[in-house]
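Single-structure report; data block below.
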Ligand SMILES: [Zn+2]
């Protein structure tokens, strides 16, 4: 799976761009809920993926 950027929507409605191979927890800028975390070299997206940005 190639690395790419994902536009992820938090349950609060805020959208944020997340790298698909993030090495740390990505939190929502608005409500600080986790949007993605790293697992086995790839990111597990906790929010809703609304768009893949290549
Ligand atoms: Zn949020």
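Here, each number is a calculation from the coordinates, and none is a lab measurement. Here the structure is a predicted model, which means the values were calculated and not measured. In this analysis, Cβ positions are derived from the backbone assuming ideal geometry, glycine residues included, and neighbour counts consider all displayed protein chains.
A few points about this structure:
- Region 1-16, residues that are assigned to a strand (DSSP E or B) and closer than 16 Å to residue 42 by Cβ: 5, 6, 8
- Any hit, region 6-23, residues being in contact (Cβ under 8 Å) with a residue 40 or more places away in the chain and away from the ligand (no atom under 16 Å from the Cβ): no
- The residue of region 24-54 that is surrounded by the fewest Cβ atoms within 10 Å (Cβ to Cβ), among those that are assigned to a loop (DSSP other than H, G, I, E, B), under 11 Å from the mean Cα position of the chain (by Cα) and more than 13 Å from the ligand (Cβ to nearest atom), is 24.
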